[in-house]
Amino acid sequence: MKKKIRIGSLQFFCLIFLFELGSAVLFGMAKEARQAAWITIIFGIVSGCILFSVYLGLHKKYPDLPLTAYSRKIAGKYIGWGIGFAYVIYFSYLAVRVLRDYEELLVISQYHNTSLLTLGLYMIASIIYVMFKGFEVFSRVSQVCFFVFLFVGMPVIILELSAQLLQPANLLPVLENGWMPVLKAFFPSTLTVPFGEMVAFTMLLPYVKDHKTAKKIGYAGIIVSGLYLSFRTAMNIAAIGPDVRIRSTFPILTEIGLVEIGNFIQRLDAIVLVILVILGFVKIFIFFYCALLGISDLFNLNEPKKMIYPLGILIILSAVLVAPNFNTHMDIGFKIVPIYMHLPFQIAIPVLLLLIAIIKTKFKKSRTNQST
């Protein structure tokens, strides 16, 4: 990890696209907005681009440093170290939550008699294997995963259309109860997940070859993934209706399970499940890796790979212990985490760091001008 890692433009785009879809496509977004859920996601795209501009502003000032490093330069050695360590805990916790999401998905959909611990062990073992190969290998794997997603995802959409599953009437009336449900669904849930989770890329932006590429590809990744989520949400509503969507734990699987063409093409949910697990793999890996990078930077480790196993074991065990049951896990994820964790770490702290960095820069310039 001390070696200078570089990732290409396409790889960076694929990472963002797959990361953004992650668990957002799993549980369905903005259910409270009912027929207007797809509009809420459009708002999310705009807010996501604004947040990413904050992260880019910090990256521009410190192009070779991750968040945990430049927080010490901006806020001072001790406060900055505390901020960096808080982000390590935050990224680790998000890896735990996403792992639990996918453990529950597999138990509910296929592996009814398998323990969460066993499923988590298999997922983290595969992530650890790739992590030892290096981030550049993972970025190439994500590129392959992206094309697998396209290869499987596009035919599934075509099959849904062929099965005449979509009922456009389910999308109407669009703003049945005005704009308030849309705004409530947007803040804080859609704002923070998945768009605000791009804060993880503050640890990865130094790997992109230059600031201009990071800016261009970053915005493209957010916009394209957001538009796909909006389109997929509209399809989901058209297929199963807003009422069923609200009640469904995994709306995407409910929708795909209805696809049946003759007696030949059916049970596509098993194929879609594979794609969902791939998305989970990418998202967990990125959060895991960001936490590892933070530990390596804060403690100045010469061999950061030695921390992979301890951190992996901690994530596996925490995923089981993070909530006593699935309902509690969901309640914490939708009601507590967005307000008390996402808003501070995704918005408040980065904005504050950027403001302090700007003020420091202007103060230094004014002092330089006075001395000359």
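The values are calculated or read from the model by the stated rules, or taken from the named source; none is laboratory data. Here the structure is a predicted model, which is why all the values come from computation and not from measurement. Neighbour counts run over all protein chains shown; Cβ positions are idealised from the backbone, glycine included.
Is segment 118-137 home to any residue that is more than 26 Å from H329 (Cβ to Cβ), of a type outside the set (A, V, I, L, M, F, W, C) and in contact (Cβ under 8 Å) with a residue 40 or more places away in the chain? Checked against the condition, which is being more than 26 Å from H329 (Cβ to Cβ), of a type outside the set (A, V, I, L, M, F, W, C) and in contact (Cβ under 8 Å) with a residue 40 or more places away in the chain, segment 118-137 yields at least one hit. When G82 is tested against (1) without any contact (Cβ under 8 Å) to a residue 12 or more places away in the chain; (2) touching an Asp or Glu at 6+ places or on another chain (Cβ under 6 Å), just one condition goes unmet, and that condition is (2). Taking first residues from segment 153-170 that are closer than 23 Å to L21 by Cβ and outside any helix (DSSP H, G or I) and partners that are charged (D, E, K, R) and at pLDDT 90 or above, the Cβ contacts under 9 Å between residues at least 6 apart in sequence or on separate chains come to L165/E255. With a requirement of 3 or more residues that are of a type in the set (F, W, Y) and farther than 25 Å from M131 by Cα, the helices (runs of 4 or more DSSP H) lying completely within segment 5-103 that satisfy it span 37-61. When the residues of segment 1-39 are narrowed to those that are within 17 Å of the chain's Cα centre (by Cα) and among the polar types (S, T, N, Q), which ends up surrounded by the fewest Cβ atoms within 10 Å (Cβ to Cβ)? Filtering first and then ranking leaves Q11. Is one or more of the residues making up segment 251-264 within 24 Å of S47 (Cα to Cα), in contact (Cβ under 8 Å) with a residue 24 or more places away in the chain and touching a helix residue (DSSP H, G or I) at 6+ places or on another chain (Cβ under 6 Å)? Checked against the condition, which is being within 24 Å of S47 (Cα to Cα), in contact (Cβ under 8 Å) with a residue 24 or more places away in the chain and touching a helix residue (DSSP H, G or I) at 6+ places or on another chain (Cβ under 6 Å), segment 251-264 yields no hits at all. Within segment 152-184, the set of residues being modelled with pLDDT of 95 or more, surrounded by 12 or more Cβ atoms within 10 Å (Cβ to Cβ) and either among the polar types (S, T, N, Q) or more than 14 Å from P242 (Cα to Cα) (or both) comprises N170, W179, L183, K184. When you scan segment 325-346, do you find a residue that is closer than 17 Å to Y70 by Cα and within 17 Å of the chain's Cα centre (by Cα), even just one? Yes, segment 325-346 contains a residue that is closer than 17 Å to Y70 by Cα and within 17 Å of the chain's Cα centre (by Cα). Among (1) farther than 26 Å from E197 by Cβ; (2) outside any helix (DSSP H, G or I), where does A238 come up short? Condition not satisfied by A238: (2).
Tell me whether segment 52-62 contains one or more residues that are among the hydroxyl-bearing types (S, T, Y), surrounded by fewer than 17 Cβ atoms within 10 Å (Cβ to Cβ) and over 20 Å from the mean Cα position of the chain (by Cα).
Among the residues of segment 52-62, not one is among the hydroxyl-bearing types (S, T, Y), surrounded by fewer than 17 Cβ atoms within 10 Å (Cβ to Cβ) and over 20 Å from the mean Cα position of the chain (by Cα), which makes the answer no.
From the list S71, S109, the one residue that fits, being more than 21 Å from the chain's Cα centre (by Cα), buried (at least 19 other Cβ atoms within 10 Å of the Cβ), within 30 Å of V322 (Cα to Cα) and touching a residue at least 24 places away in the same chain (Cβ under 8 Å), is S71. Before we move on, is A125 among the hydrophobic types (A, V, I, L, M, F, W, C) and surrounded by fewer than 15 Cβ atoms within 10 Å (Cβ to Cβ)? Judged against the criteria, A125 is a match.
Here segment 237-272 is the region considered, the condition is being under 20 Å from the mean Cα position of the chain (by Cα) and surrounded by 18 or more Cβ atoms within 10 Å (Cβ to Cβ), and the residue that is farthest from F27 (Cα to Cα) is V272.
Yes/no per residue for (1) hydroxyl-bearing (S, T, Y); (2) in a loop (DSSP other than H, G, I, E, B); (3) within 17 Å of F91 (Cβ to Cβ):
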{"site": "V277", "(1), (2), (3)": "no, no, no"}
{"site": "K283", "(1), (2), (3)": "no, no, yes"}
{"site": "D297", "(1), (2), (3)": "no, no, yes"}
{"site": "S318", "(1), (2), (3)": "yes, no, yes"}
{"site": "A323", "(1), (2), (3)": "no, yes, no"}
{"site": "P344", "(1), (2), (3)": "no, no, yes"}
{"site": "I349", "(1), (2), (3)": "no, no, yes"}
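Scanning segment 299-316 for residues being in contact with a Phe, Trp or Tyr (Cβ under 9 Å, 6 or more places away or on another chain) and not in a helix (DSSP H, G or I) gives a total of 0.
Remark: pairs (first residue in segment 297-325, free of Cβ contacts under 8 Å to residues at least 40 places away in the same chain; second residue assigned to a loop (DSSP other than H, G, I, E, B); Cβ separation under 8 Å; 6+ apart in sequence or on different chains) = M307/L301.
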